[in-house]
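Derivation of every value follows stated rules applied to the coordinates shown; laboratory data play no part. Small disclaimer: the values here were computed from a predicted structure and weren't measured. Using ideal geometry, Cβ is built from the backbone for each residue, glycine included, and neighbour counts are taken over all protein chains shown.
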Amino acid sequence: MDQVFIGSCANAKYEDLAEAARILKGRKVAPGVRLLVSPASKHVVERIVKDGTYSILLEAGALLTNPGCSACAGDGGVMGDGEVTLSTANRNFQGRMGSYNAEIYLGSPAVAAATAVRGVTTDPREFLP
């Protein structure tokens, strides 16, 4: 896995980011994996800052972007030829996030967080109590 994307205007509500943070807390993103997090709105950013979720994501190694579409629409986190992304967005057609020779797989925020830690697509249940 080259990149994990948790976000977009449609798929990064507060509950999504809190779920990812539960898995990422006290862990680090795998070497060589980019973890991009794009909250859905300014309101979501305010909530995750207030409750500490923002800090957990940063400490794990996530790059938090401005709220909105971000990598989902190929704006930041642009994939190169042969790269693989696991995304929580709702679209994965060729060229959506950059190169037409890249692969995009869709998953839940929990799968995305676990995948960011392991560096391969991962079942998140091993990280949950």
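Remark: 16, 2, 51 ranked as 51, 2, 16, counting other beta-carbon atoms within 10 Å and listing the fewest first. Backbone amide hydrogens, once placed in the peptide plane, bring residue 34 within less than 5 Å of 3, 4, excluding anything fewer than 5 places away on its chain. Taking amide H positions as modeled 1.01 Å from N, with prolines and chain starts lacking one, the residues under 5 Å from residue 83 and 5 or more places away or on another chain are 103.
Between residue 42 and residue 120, what is 0.36 nm times their sequence separation minus the Cα-Cα distance? Round to one decimal in nm. Before the final figure, lay out the partial values.
On the way: separation 78, 0.36 × 78 = 28.08 nm, distance 3.07 nm.
So the extension gain works out to 25.0 nm.
Need the full-extension length gain, residue 106 to residue 84, defined as separation in residues times 0.36 nm minus the C-alpha distance. One decimal, nm. Gain on extension, residue 106 to residue 84, equals 6.8 nm.
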